[in-house]
Amino acid sequence: MMLFKRKKSRQEKVTDSDIADSDIKAATATTPNDESTDVLSTLADMPITEHLIELRRHLIKICVAVLVIFLALAGFSRELYNFLSNPLVAQLPANSTMIATDITSNFMAPIRLTVFVAAFLAMPFILYQIWSFVAPGLYKKEKKIAIPVLMSSIFLFYAGVAFSYFIVLKGVLKFFITFAPQNVLPMTDIDSYLSFALKLFMVFGLTFEIPVVTLLLILARIVSIQSLEEKRRYIIVGCFAVAAVVTPPDGISMLMLAIPMWLLFELGLFLAKILIKEESNPPLVAEKE
């Protein structure tokens, strides 16, 4: 009986140790090796209401930032509109000026421009808030790609707006005023000019994002470099077709938009080739390890 009890106690110890080992293995198995997996599981456990609350918090920050910048610039709204209208005023004849066909235009046009400028200046903060909302659901590799993409998209948007103001706008206005009939005195409404300029800024600002869009499409495996190279001629024709639709009805603005679109597409294709070549050729140190 004593021998049977000893054997039984030994079996109990063995079973206890097996249970303890299995618990440790289960704990280590459930412990994520990658912090991105932990974040994704946490996000998956979050209800939709918490996601909406988090989104609302970021949207409130964006609205507050735009409002603060707008209030800081509200006192300079007329100066901002004068800066915007300088390219047009420089092209008008000596006896021509800008006019306001609506009684509220003198007030609303500079205010609308100030709101646009406030959002334009707050763009880095806006993209940072969007990044803060999206980043917890990304892997480490995706975060490494996303940060340079965000920085380059901000720079390219600013570059597109600056290109449209300092280069395109002057040429387009000169074209329209030069071809005006001799018995017509150009006197542009301030609301019409503001809408025209803002549309031009947005078109060129978004157009300059083509390298980023091309790079993301290739990295996401939606399209391949080979397919884009094979369809290059159709893409060039598409650039001119899009430029003809979104720009004013003149050849100068169409060429000034279509040619940068084509060159920016080639830039995005070139950057994608470099990144994919680096991924396909890992460093020798990693191979030795």
Note down all Cβ pairs under 6 Å where the first residue falls in the stretch 244-271 and is under 12 Å from F208 (Cα atoms), the second is of a type in the set (F, W, Y), and they're at least six residues apart or on different chains.
-> A258/F240
Set A94, A90: member being assigned to a loop (DSSP other than H, G, I, E, B), open to solvent by 70 Å² or more (accessible area, probe 1.4 Å) and closer than 23 Å to V172 by Cβ | A94
So which residues in the stretch 100-116 are in a helix (DSSP H, G or I), over 10 Å from D191 (Cα atoms), free of Cβ contacts under 8 Å to residues at least 40 places away in the same chain and not aromatic (F, W, Y)?
-> I111
Does I167 qualify as being more than 16 Å from A243 (Cβ to Cβ) and of a type in the set (V, I, T)?
-> no
Any residue in the stretch 203-224 that is touching a residue at least 12 places away in the same chain (Cβ under 8 Å), part of a helix (DSSP H, G or I) and over 30 Å from S132 (Cα atoms)?
-> no
Single residue of the stretch 266-278 satisfying the filter (of a type outside the set (A, V, I, L, M, F, W, C) and open to solvent by 90 Å² or more (accessible area, probe 1.4 Å)) that is modelled with the highest pLDDT = K277
Restricting attention to the stretch 168-187, the residues that are open to solvent by 30 Å² or more (accessible area, probe 1.4 Å) and over 12 Å from P93 (Cα atoms) number exactly 6
Do the conditions hold for V134, that is, is it among the aliphatic types (A, V, I, L, M) and surrounded by fewer than 16 Cβ atoms within 10 Å (Cβ to Cβ)?
-> yes
Index of the failed condition, N183 passing every other in (1) outside any helix (DSSP H, G or I); (2) at pLDDT below 80 = (2)
Checked Y128, Y193, Y165, Y139 against criteria (of a type in the set (F, W, Y), open to solvent by 80 Å² or more (accessible area, probe 1.4 Å) and in contact (Cβ under 8 Å) with a residue 40 or more places away in the chain); the one match is Y139
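The values are calculated or read from the model by the stated rules, or taken from the named source; none is laboratory data. The structure presented is a predicted model; accordingly, all values stated were derived computationally and were not measured. Heads up, the Cβs are rebuilt from the backbone with ideal geometry, glycines too, and the neighbour counts pull from every protein chain shown. Remember, those area values only see protein heavy atoms, side chains included, never the ligands or the DNA or RNA. Shrake-Rupley method; radii C 1.70, N 1.55, O 1.52, S 1.80 Å.
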